[in-house]
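To keep things clear, I will list the structure first and then write my remarks on it.
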Amino acid sequence: MRRAPLSYPLAAVVAAAALLPVAVLLYLGVGAGPALSPRALGILGETALLTGLSVAGAVLIGVPLAVASACIELPLRRFWLVALTAPLAMPSYIGAFALFAAFGPGGEIENLLGLTTPPVRGLWGAALVMALYTYPFVLLTTRASLRGLDAGLVDAARTLGLSLPMALLRVVLPRVRNGIAAGALLSALYTLSDFATPAIMQVDTFTRVIFIEYNAFGLSRAALLSLQLLTLVAVVLFLESRVGSERERPGRPLSLRLQALPTTAVLVPAALVLAAAIGLPLAVFGAWLAREGTAGFDPAIALNSAYTAALAALGTVIIALPVAYAASAGRFGRGLERVTYLGFGIPGIVMGTALVYVGLRVPFLYQTLALLILAYMLRFLPLAVGAVRSTNERLDRNLVGAARSLGATPAEAFRRITLPLTLRGIIAGAALVFLEVMRELPATLLLRPTGFESLATELWRVYEAGYFGRAAVPGLLLVLVSGLALLVMTAGEQRIDNAPARDRQR
Amino acid sequence: MLAVRDLCVRYGRTTVLDDVSFELDDGEILTLVGPTGCGKTTTLRVVAGLERPGSGALEIDGVHIDRDRFVPPEKRRTGLVFQDFALFPHLCVAENIGFRVRDRARVTHWMRVLGIEPLADAYPDTLSGGQKQRVALARSLAHEPSLILLDEPLSNLDAALKAELRWEIRAALKEAGVGALWVTHDQDEALSIGDRVGIMRAGRLEQLGPPEQCFSAPASRFVAQFLGEAVFLPGERRGDELRTLLGAGTARAGDSGDGPVDVLLRPDDVTLAADGDTNAAVEWSRYEGGTRLYAARLDDGPLLKVRTNHETHLAPGERVSARITAGHPLAAFPRESA
């Protein structure tokens, strides 16, 4: 007897738009060449190797830090947790650029300190950067599963006759294993999608070769490579969906008091990781700023970034609203929402490739900001949908019914109840999209109109031209933007933690 | 005034409401009671307009509503009081109560009646369950509904609060003089609050009448058992006289014809004595404070529940003599050929 919710047709249009890039790539890429050439296999090997090494590094750094932050009483615990997740908010190209410039003969470390260091580049360099910037995924998921574990379980296992090590092995590890796997897969996803790090370190992964093909006017070959990369991404996403995360009502969290281990044994490695991931870029960009000043930086670039990001944030939130409301309205709506999540899995370079073709075919979009903003909207739509939906879902269904029974029309109930109560989610979603767009590189690189530079593309130009000193201002601004993103993200997380548990009756 | 006529609702193949009809007068409180899934909440939601009738019709204040002539909830002026209160979390108490009310005096009036004036500026998440329910009720009443619908209004509150708030709500409803449809699964609540009680089962209204009538002259064995402890004792009916193993009693007129019957016995219709011709053995006893509830197994018969005053002391296993001592006519149902 229920009519289809009003949000459905709008959400369906958005979902169709989200399918557009994949459709374009299929049209362009299928038949553009043999699916499995020796060259493609070479790229696949390089990509897989980089992903494997990065994930291994992320796990090696992330798991011990997770155990330290979840189970050991550390001084300034909250600070360490935020600081240790901070690299996640930084785009890895900042790190790649800084490490690339700092190490090796003629690098900044040699210039400043007179120490000769081995260069950081190639496969190992890229893996180091990816590990440094994706370990927080592993840290967060592992920590969550450790925190979700009730210490009562360990106690129960011990009263049933297991020794403490055996209890940890048989009760704790199976639960935490899923957390580690989930984080490792997120790290793999990030590595597969990342363009700038392999490009700066000169590793021939899919993303780098797609860019090379695009520059050589091989759009359909780029599309084919994009499809192959998407297949890899799909495999990782599938594996991720299989890693179930059980959740139980958290009881007393597991706490290990390691008297024997001084806290410095934990804090020193943590500080080292932070120094490499955050301290080094800040120091390198700071040194350049001191040496070369702000000359050579055109403030219009920062303005470009800010207003495209603002437009994209506004547009994304507007198209996210019907999707988020549809997702809460019924099963079909949830299906539509899933489709819009495609953007999450589509690497920026792939999104760029698909929309470049759209620009070639639709003259009024060619070389326009509108096309670039469309790319941002499709890519970051899931962020906005997620933020709006999570507040919307915590909204009691009966509130709208209550407003209606008090005489409010559906429009009035939306304006006075639904909208004010989801406004925080809408603003948080817009902020996240804004900050992501400020830092986006690959799609911007492919789609920016001639003469348009953003902070990220400016950094790329500086890298390509070799005038590293010019990177100081855009680099530091991007770090600042990343810091703001971190604030928004942690604020959102805290709100979710503090949300009162509602007793749901129906 | 509300009239519900031959109301049916189906979800797919399951029938949720089956031919439900009743009327509700202004100022009257009708409680709908029944086990989970009996359709009582659906009835409420159809009246509120949150659900569409499958067939049948409603009339609210003379406005006819059916499947084809649907009136949206905001046009019905039915005040709905939710089980989980549904207070708007971003509005304070006074703003909640005055959601669409122009006349501030009405808001203050109902806050005063329900004793929540000091909370006017508080936000819902700072209120206790009982306060939330008072706010929810005040909100409904301040919007001057033509009738009030209450969906298990007390079920999220603890027991001590329930008893107290029950009477407060009843008094406020009576003061407002509006009709109220009060859905509950608690038979004590239904019997003590309702001017009339409707007992629902599997989408049907099994009985509708004053509480005393439903309790003492239940229309079916289900109603008898749902409203309180009930034992069915085999017996014979001749005219108005009932003969059973536990002695004789008077039958209610019209319940059944002459012949074999099952007599409905409530725990206070029977007394136990430790002397005389014993015909039962005590199985267990439960101390209830002012009274004591005994279970006694009749020789080759059913388990009787008997409530005595607390001074009676009988040990489990003790032989007793059970006798019908009810001073009122008993309900009897034609014997089921089991």
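The values are calculated or read from the model by the stated rules, or taken from the named source; none is laboratory data. Note that the structure is predicted; figures quoted are calculated from it, not measured. Reconstructed Cβ throughout: ideal geometry from the backbone, glycine too, with neighbour counts over all protein chains shown. Surface accessibility is based on the protein's heavy atoms, side chains included, excluding ligands, DNA and RNA. Shrake-Rupley method; radii C 1.70, N 1.55, O 1.52, S 1.80 Å.
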With r as the distance between the Cβ atoms of A:Asn215 and A:Ala491 and R0 = 45 Å, compute the FRET efficiency 1/(1 + (r/R0)^6) and round to 0.05.
0.65
Provide the per-residue ³J(HN,Hα) series for the range B:146-155, in order, calculated from phi with Karplus coefficients 6.51, -1.76, 1.60 and θ = phi - 60°, each as a whole number of Hz, with x at glycine and proline positions.
7, 7, 10, 10, 10, 9, 6, x, 10, 6
Once the Cβ-Cβ distance between B:Asp68 and B:His328 is put in as r, and R0 is 45 Å, what FRET efficiency do you end up with, to the nearest 0.05?
0.40
Sequence gap at least 6, Cα distance under 8 Å: using those rules, report the relative contact order of chain B to the nearest whole percent.
16
If one puts a single equal scatterer on every Cα of the range B:2-222 and applies the Debye formula without solvent, what log₁₀ I(q)/I(0) results at q = 0.07, 0.19 Å⁻¹?
-0.21, -1.42
For a label point 7 Å along the Cα-to-beta-carbon line of B:Arg102, residues of the range A:381-422 with backbone N under 17 Å:
A:407-409
So if I take the alpha carbon set of the protein assembly as shown, get Rg, then get Rh from the Kirkwood formula, what is the Rg over Rh ratio?
1.11
Amide H partners (placed H, <5 Å) of B:Val178, local residues excluded
B:Gly27
In nm, give the distance between the simple-model label positions of A:Asn111 and B:Arg5, each being 7 Å from the Cα along the Cα-to-Cβ direction.
9.1
Among trypsin sites (Lys or Arg not before Pro) in the range B:80-143, those in a DSSP loop whose Cβ has at most 12 other Cβ atoms within 10 Å are B:Arg102
Averaged over its residues, how many other protein chain Cβ atoms are within 10 Å of peptide A:412-424's Cβ atoms?
2
Picking from B:Ala280, B:Ala142, B:Ala219, which is most flexible by a Gaussian network model of chain B using Cα springs under 10 Å?
B:Ala280
Averaged over B:71-80, how many beta carbons belonging to a partner chain fall within 10 Å of each residue's beta carbon?
5
Correct semi-axes for the range B:49-170, from √(5λ) of the alpha-carbon gyration tensor and rounded to whole Å with the largest first, are 27, 17, 13
Taking amide hydrogens as modeled 1.01 Å from N in the peptide plane, which residues meet the under 5 Å criterion relative to A:Asp150, leaving out close sequence neighbours?
A:Gly251
Evaluate the range B:239-338: find the radius of gyration of its Cα atoms, find its Kirkwood radius, and give the ratio Rg to Rh.
1.00
Report the accessible area of A:Met90, computed with a 1.4 Å probe over the heavy atoms of all protein chains in place, in Å² rounded to the nearest 10.
10
Let me know the longest stretch in chain A that avoids all GluC sites (Glu not before Pro) found in a DSSP loop with at most 16 other C-beta atoms within 10 Å.
A:249-506
Consider just the alpha-carbon atoms of the range A:386-479 and return their Rg together with their Dmax, both in angstrom.
21.6, 67
Each label sits 7 Å from Cα toward the beta-carbon; between A:Leu239 and B:Arg52 the label points are separated, in nm, by 4.9
Hey, what does the equivalent ellipsoid look like for chain A, semi-axes from the Cα gyration tensor as sqrt of 5 times each eigenvalue, largest first, whole Å?
35, 33, 23
What size of dipole, in debye to the nearest 20, comes out for the protein assembly as shown about its Cα centre when the only charges are +1 on Lys and Arg C-beta atoms and -1 on Asp and Glu C-beta atoms?
1980
Radius of gyration and Dmax for the range A:1-138's Cα atoms, expressed in Å?
22.5, 78
Note down the relative contact order for chain A as a percent, whole number, built from C-alpha pairs under 8 angstrom at least six residues apart.
21
Karplus (6.51, -1.76, 1.60) ³J(HN,Hα), θ = phi - 60°, over the range A:275-292, in Hz, Gly and Pro reported as x:
4, 6, 7, 10, x, 4, x, 4, 5, 5, 5, x, 4, 5, 4, 5, 6, 10
Taking a virtual spin label 7 Å from the Cα of A:Ala290 along the C-beta vector, which residues in the range A:105-119 bring their backbone nitrogen under 16 Å of it?
A:108-115
Length released on extending from B:Asp125 to B:Asp26, taking residue separation times 0.36 nm less the Cα-Cα span
32.3 nm
Per-residue ³J(HN,Hα) for the range A:465-481, Karplus 6.51 cos²θ - 1.76 cosθ + 1.60, θ = phi - 60°, Hz, x for Gly and Pro:
7, x, 8, 4, x, 5, 7, 4, 5, x, x, 5, 4, 5, 5, 4, 4
What are the residues whose amide H is under 5 Å from the amide H of A:Tyr467, where those residues sit 5 or more places off or on another chain and H is modelled from the backbone?
none
Determine which lysines satisfy two conditions relative to B:Lys132: a Cα distance under 21 Å, and not lying fewer than 8 residues away in the same chain.
B:Lys162, B:Lys174
Distance in nm between label sites at B:Arg335 and B:His90, each 7 Å beyond Cα in the beta-carbon direction?
6.9
How much FRET efficiency would the formula 1/(1 + (r/R0)^6) give for B:Arg252 and A:Glu73, where r is the Cβ-Cβ distance and R0 is 60 Å, rounded to 0.05?
0.25
Stretchable slack from A:Thr409 to A:Leu168, in nm (0.36 nm times residue separation minus alpha-carbon distance):
81.1 nm
